[in-house]
Amino acid sequence: MPLETLPLFRDDAYLRDCEATIVSINDRGGIILDKTVFYATSGGQPGDTGMLLLGGMSVPIAATVQGESKAEIVHVPAAPASLPGAGMAVRAEIDWNRRHRHMRMHTALHLLCSLIPFPVTGGSIGAEESRLDFDISDAGAVDKDELTERLNGLVAADHSVATRWISDEELAENPGLVRTMSVKPPIGTGRVRLVAIGEDGSVDLQPCGGTHVRSTAEIGALAVTKIEKKGRQNRRIRLAFAAPA
Ligand SMILES: [Zn+2]
C-alpha cells in the first residue's frame, strides 16, 4: 500500500526544516517520513536536496521524488546509508538557497505564462535557468527584449502571490474561473489548489502544486536569454536571473 507524507511545503513554502519520524525505508534505500519540508520532483520543479539528521548521523539527501503514489515523498540519500528503520525521529533540513531560487524561478514562469497567450507544451525549472515551451504559430512571434521588459515590469509591480483551494463543485459553478485560467485544472480528486498572482488572480491564475514566493518583487530582475524555434509551431523561451547591476 502506498504511504502518505504530509507535504508541509504546500501550506508554507518558506519552511526550511522540520522534525519528523521515519515511516519506512524502501528497497532502494529511499527514506519516507510522516511529514516533510522536501518538495518532490513534479510539474517541472526539481525535488529538494538537503540533510536528514538522526541519532548523531547526518545523511545528505541528493534528490526527492514521488514514490508509489503522488502522496508518498521519497528522500534519496546521496550515498547508501545504513539507517535505523521506522519510528526513528529525524530533523529534515532543505538546501534553502537552491529551493528559494526554484521558488523565484517557478513564480517567474507563471509571469511568463501570463504574457504569452498560447498553450504551454512543456517546461523545466532550474536554479540558474528555466524554460517554457509554447505552441506558438509564426504570427505570434515574440521579441526577446520586449518580453524581458514586460516581465521585469510585473516583477517591479510587486504583485501578491496567494494560493487557495477550491472544490470541483465550486469550479463547476464558476465557469468564468476556468476561462481566466491558462491551465485547465485536474478534475476528479475533489479539490484543486489555485495559485493567484495579483488581486483575485488578475495577473495569472492557474492550478499548481509547486512552491512560489510571496510576491513578485522577491523574484528579482529577469532576462529572457533565448527564444528557440522547436519544430514548426513550438517556441522554447529561456529565462535566467539578470546579473546583479
Ligand atoms: Zn506554480
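Read the figures in this text as sums done on the coordinates, not as results from a lab. Note that the structure is a prediction, hence the values are computed from the model and not measured. Here Cβ is always computed from backbone atoms with ideal geometry, including for glycine, and neighbour counts include all displayed protein chains.
Charge dipole (Cα centre; +1 on Lys/Arg Cβ, -1 on Asp/Glu Cβ; no other charges) of the stretch 1-116 amounts to roughly 380 debye.
Restricting attention to the stretch 1-80, close to 90% of DSSP beta bridges with both partner residues there are antiparallel. Of the residues Gly87, Val65, Gln206, the one whose Cα sits farthest towards the positive end of the charge dipole of the chain is Val65 (charges of +1 on Lys and Arg Cβ, -1 on Asp and Glu Cβ, taken about the Cα centre). The stretch 62-111 and the stretch 180-204 have Cα centres separated by 25 Å. Placing unit charges on the Cβ atoms only, positive for Lys and Arg and negative for Asp and Glu, gives the chain a dipole magnitude near 600 debye about its Cα centre.
Given contacts defined as C-alpha pairs under 8 Å and at least six residues apart, what's the relative contact order of the chain, whole-number percent?
Values: 524 pairs, mean separation 43.9, N = 245.
Computed value for the chain: 18 percent relative contact order.
The helix-based estimate of mean residue ellipticity at 222 nm for the chain, built from -39,500 (n - 2.57) per DSSP H run of four or more residues and divided by its residue count, is -5500 deg cm²/dmol to the nearest 500.
In plain terms, the chain from Ala156 to Glu128 could stretch by 8.1 nm, reckoned as 0.36 nm per residue minus the Cα-Cα distance. Every Cα-Cα pair in the stretch 81-156 was counted, and those over 18 Å apart are 55% of them.
Taking Rh as the Kirkwood radius computed over C-alpha pairs, what is the Stokes-Einstein D of the stretch 17-77 at 25 °C in a medium of viscosity 0.890 mPa s, expressed in µm² per second?
Working: Rh = 11.6 Å.
For these conditions, the coefficient is 211 µm²/s.
Across the options Thr21, Trp165, Val155, the greatest Cα extent toward the positive end of the charge dipole of the chain (unit charges at beta carbon of Lys, Arg, Asp, Glu) belongs to Val155. Normalised by the number of residues in the stretch 99-212, the average gap of Cα pairs under 8 Å and 6 or more apart makes the relative contact order 26 percent.
Using Cα pairs under 8 angstrom and six or more residues apart, how large is the relative contact order of the stretch 28-145, in percent? Provide the component values of the computation, followed by the final result.
Numbers: 186 pairs, mean separation 26.8, N = 118.
About 23 percent, as a whole number.
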